[in-house]
Every structure is written in C-alpha cells, then in structure tokens.
1. How large is ³J(HN,Hα) for each residue in segment 60-77, as worked out from phi by the Karplus curve 6.51 cos²θ - 1.76 cosθ + 1.60 (θ = phi - 60°), to whole Hz, x for Gly and Pro?
2. For ALA86, enumerate residues with amide H under 5 Å from its amide H, sequence gap 5+ or separate chain, H modeled in the peptide plane.
3. Report the GluC sites (Glu not before Pro) located in segment 33-113 that are in a DSSP loop and have at most 12 other Cβ atoms inside 10 Å of their Cβ, or state none.
4. Shape verdict for segment 16-117, please, from the Cα gyration tensor: rounded (a/c under 1.5), prolate (a/b greater than b/c) or oblate.
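Each reported figure results from applying straightforward, stated rules to the coordinates on display, with no laboratory input. Source: prediction; values computed, not measured. Reconstructed Cβ throughout: ideal geometry from the backbone, glycine too, with neighbour counts over all protein chains shown.
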Amino acid sequence: MSPTRRGRGRLPRVEGIFASDIQVFRFFADGTVLDVLVKPAPGPDQAAAIEGWLRPGTAQRGVHRSTYAVSGGRLSFTTRSHVNEARITVQGVWRGGQLVLDLTGGGRVEKARRFQRIDVGRSLR
C-alpha cells in the first residue's frame, strides 16, 4: 500500500513523531510508519533521541514497520500488537499537532486515541 492522491491536489503527508502514553509512531514522507513502545512515556525532551534510533533502515526488535495511506483527509495503516502480534488496523485524522486515531484488532477497539506530536519545531506537511 502506498500513499494515495485525491483529485489533482498535492499528496497530503504526515511526517514526525507522535506519542500516546508509551506507544510511538514515526511517520516519513515516503509513506513509511514505524511503531514502537517506549518506556517511560516520551515527550518533547526525548524526541531527538528517538529520531536518532527510530529509522526505517535499521531492523530493531520490537519495532513494527508499515506503510500508511492518506485518502480523503484520512490516514490509515495496519500494524501488529506489541503484546500478541495480532493485526491492528489504524485509521484517523490529524488536527494541528496531534493525530486522532481509532485502533481496531486483537479483540479490542480503541476509539479517538490522541497521539501528540513530540518533535515540535519541525513542519508537518
């Protein structure tokens, strides 16, 4: 799956590091998303360190790699549970500095989970 275009406009992109408690997603302009758990829960002070080691070219234990798509102003991708490897479907929207995501899979549904952007100071395109 790759990022998709709507109409003739520019492809909406999500880039940056977003965290909700200990779950962290790092999005790249090419459509790659990395999913990892970080303890203790990270904030803006840890963003530079996370940026240094959470990279798509390195295969690290506990990091799940996927490809996101953007269509009609909505973001979607599939990842795996960090607990039991169940397939997790992630869908939602971004508003300002946060993503509002629904996570479904492994017998659970989590609606409107907010992921705050922690790598502040960088542009979200």
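1. Couplings: 10, 4, x, 9, 9, 10, 8, 10, 9, 10, 10, 8, x, x, 10, 9, 8, 6 Hz.
2. For ALA86, whose amide H was placed from the backbone, the distant partners under 5 Å are SER81.
3. The qualifying sites are GLU85.
4. rounded
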